[in-house]
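Right, one structure below, let's go through it.
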Amino acid sequence: MQTDPKKIAALATSPPISLVRGPELFEKSQAIAKIGGWELDLETRFLQWTSETYRIHEVTPETYTPTVETAIDFYIGQSRLLIREELERAIREKGVFDLELQLRTAGQNLLWVRAQGQTEQLHGKTRRIYGILQDITEKRKLEQQLLRGQRLESIGTLAGGLAHDLNNLLVPIYLSCDLLHMHPRDDEDKSLIDGIQHCAQRGSDLVKHIMSFARGQSGPFHPVELPLLLKSLEPLLRQLLPTQVELNVHLDPDLKPAWGDRTEIEQVLMNLCINASEAMPDGGRLNLRASMAEHPQHSGSSCVLLEVEDTGTGIPEEVGEKMFDPFFTTKELGGGTGLGLPTVDAIVRRHQGFLDYRSVPGCGTVFQVHLPCAPLDVQISPSSPLEIKQRENHGITALVVEDENGIRNILCSSLRHRGFNVVEARNGEEALFLYRENPTGIHLVITDLMMPQMDGCTLARHLKELSPKLPIIGTSGLADTENMTEIKESGIRHLLAKPYTLQSLFNKVNEILDGN
């Protein structure tokens, strides 16, 4: 193979490629890492920026000459005070600084940046200070998402115990109201019982909402007739809203049913309306509208549009960036949980919907909730309460296993009222002992799943070993059934979620006994 001596000589005398492209490589590396450099000469007060520092601030060398004062003016709020103090301290103490700050660019974009600085001395005197500026906006977003995930995980753990305890408290209220409804003394008694039931139902819905937000659960979707929903919601809103807030409800006559969970959609409207009223401390107008619109994310497809508009104080930009973060609130300590808007956002996302808002400080805000329409092939069936089937229960003995005294007492009374013989047990061990004493005399078991000493699933396994065909109903105060595999393997084929009504209890009991 022949080699050209001239080419070899040319290669030998050529500078390395890296040296030729050194400045270009430096610029590109800074752009990729979003790290700019800066240097301040303390004698001349001359501030020098690299190209990436200009890009971070969204200015150009041709239109902007950086100075210490104008550079500090890019920072907002506490960040401006902090960077000024750290610069002065570093110069005074011949030290360094490393800060995470928020600035507003010339293009009015809010960024999080990491500012690092280091001083250089000459003859014992600080001669200059130099450092880097890095755009860490995406890093901060990822950190916030991680923190949000950790918080939601904590809420999920807390919500499980909360749901169990609250649902256990609601069961005696539900069952007592059902019993009292059978023999009301007069209309006043009936009205009082209805009021108690309504409060209990709201408590049950609240538990579902907590679990829905914490664990992303949602009930089965159905067509939701929004005119009926708003008709039932309007009187409640008028009671909750201050008298100086004027409520106006507008409905599109061609409104189609939405596809979703009625209770959750109601919660979205309640949260948005209450927030709107709080933005009008001196009164104003609250407009609640439901209409048809084009889906903002799917061109050509229609959706249901719910709008909550107020004439209040509006939402500042810095609040708008955080208001969907869990626990963020502008209220004083104890004045709010910071879960209202995050819950709204979570519900809308689960409904495959879209949430947006427009706000002008001092002129009001409008929240827009886009929800999918119900499928055309799904029929809307009117909801009507089912009647409890009457049957002859004399001679049938039920073993009730429940560690909560209030639930056990009212449940046993309800069963006796319907003609059942009842054997009571306070825990799984006591129930197993009672069943072994009289295995042929017990025809049905109703057991709580979460109990001390021996839980419902363990009890069911022992009972099934003694009597494989024994029907067992498991009741749970949790808003979800995380351990479905364990429940099925234990032999429990029938579940009843707390809080339950007499209607649901006896329908389940009758279904089992008729099957046997």
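Those residues that are in a helix (DSSP H, G or I), closer than 14 Å to LEU505 by Cα and either polar (S, T, N, Q) or touching a helix residue (DSSP H, G or I) at 6+ places or on another chain (Cβ under 6 Å) (or both), I need them from the range 393-436; list them, please. Give the steps one after another, and end with the answer.
Of all residues in the range 393-436, those in a helix (DSSP H, G or I) come to 405-417, 428-436.
When the remaining residues are screened for being closer than 14 Å to LEU505 by Cα, the result is 407-408, 410-417.
Residues satisfying the conditions are ILE407, ILE410, SER413, SER414.
Anything in the range 80-107 that is polar (S, T, N, Q) and under 30 Å from the mean Cα position of the chain (by Cα)? List them, or say none.
Answer for the range 80-107, where residues must be polar (S, T, N, Q) and under 30 Å from the mean Cα position of the chain (by Cα): just GLN102.
Report yes if GLU39 is assigned to a strand (DSSP E or B) and surrounded by 13 or more Cβ atoms within 10 Å (Cβ to Cβ), otherwise no.
Yes; evaluated as a whole, the condition is true for this residue.
Give the range 280-299 a look and list any residue that's closer than 19 Å to TYR357 by Cβ and at pLDDT 85 or above, or say none. Steps first, please.
As a first pass, look at the range 280-299 and keep what is closer than 19 Å to TYR357 by Cβ: 280, 284-291, 293-297.
Result: MET280, GLY284, ARG285, LEU286, ASN287, LEU288, ARG289, ALA290, SER291, ALA293, GLU294.
What are the pairs, 6+ residues apart or on separate chains, where a residue within the range 73-90 that is assigned to a helix (DSSP H, G or I) has its Cβ under 8 Å from a residue that is basic (Lys, Arg)?
ASP73/ARG80
For the range 259-275, what are the residues that are within 24 Å of HIS198 (Cβ to Cβ), surrounded by 20 or more Cβ atoms within 10 Å (Cβ to Cβ) and not polar (S, T, N, Q)?
GLY260, ASP261, GLU264, ILE265, VAL268, LEU269, LEU272, CYS273
Yes or no: the range 433-455 includes at least one residue that is over 23 Å from ASN409 (Cβ atoms) and under 43 Å from the mean Cα position of the chain (by Cα).
Within the range 433-455, not a single residue is over 23 Å from ASN409 (Cβ atoms) and under 43 Å from the mean Cα position of the chain (by Cα).
Looking at the range 34-60, which of its residues are within 45 Å of the chain's Cα centre (by Cα) and not β-branched (Val, Ile, Thr)?
LYS34, GLY36, GLY37, TRP38, TRP49, SER51, GLU52, TYR54, ARG55, HIS57, GLU58
So, in the range 356-371, exactly how many residues are surrounded by fewer than 20 Cβ atoms within 10 Å (Cβ to Cβ) and in a strand (DSSP E or B)?
Matching residues across the range 356-371 total 6.
Regarding the range 426-438, can at least one residue be identified that is aliphatic (A, V, I, L, M), free of Cβ contacts under 8 Å to residues at least 40 places away in the same chain, under 14 Å from THR397 (Cα atoms) and surrounded by fewer than 18 Cβ atoms within 10 Å (Cβ to Cβ)? Walk me through it before giving the result.
First, pick out the residues of the range 426-438 that are aliphatic (A, V, I, L, M): 431-432, 434.
With the extra rule that they be free of Cβ contacts under 8 Å to residues at least 40 places away in the same chain, the set shrinks to 431-432, 434.
Next cut, under 14 Å from THR397 (Cα atoms) only: 431, 434.
Cutting the leftovers down to surrounded by fewer than 18 Cβ atoms within 10 Å (Cβ to Cβ) gives us 434.
Yes, that holds for at least one residue.
Among the residues of the range 439-448, are any surrounded by 15 or more Cβ atoms within 10 Å (Cβ to Cβ), part of a strand (DSSP E or B) and of a type in the set (D, E, K, R)?
Residues of the range 439-448 surrounded by 15 or more Cβ atoms within 10 Å (Cβ to Cβ): 442-448.
From what's left, part of a strand (DSSP E or B): 444-448.
This time we only want the ones that are of a type in the set (D, E, K, R), so: 448.
Within the range 439-448, one or more residues are surrounded by 15 or more Cβ atoms within 10 Å (Cβ to Cβ), part of a strand (DSSP E or B) and of a type in the set (D, E, K, R).
From (1) under 16 Å from ASP356 (Cβ atoms); (2) over 20 Å from the mean Cα position of the chain (by Cα); (3) hydrophobic (A, V, I, L, M, F, W, C), pick out the condition that doesn't hold for VAL268.
Going through (1) under 16 Å from ASP356 (Cβ atoms); (2) over 20 Å from the mean Cα position of the chain (by Cα); (3) hydrophobic (A, V, I, L, M, F, W, C) one by one, VAL268 breaks only (2).
Going through the range 185-230 one residue at a time, which ones are at pLDDT 85 or above and either among the acidic types (Asp, Glu) or part of a helix (DSSP H, G or I) (or both)?
GLU225, LEU226, PRO227, LEU228, LEU229, LEU230
The values are calculated or read from the model by the stated rules, or taken from the named source; none is laboratory data. Computed from a prediction, not measured in an experiment: that's the story for all the values here. Note: ideal-geometry Cβ built from the backbone for every residue, glycine included; neighbour counts use all protein chains shown.
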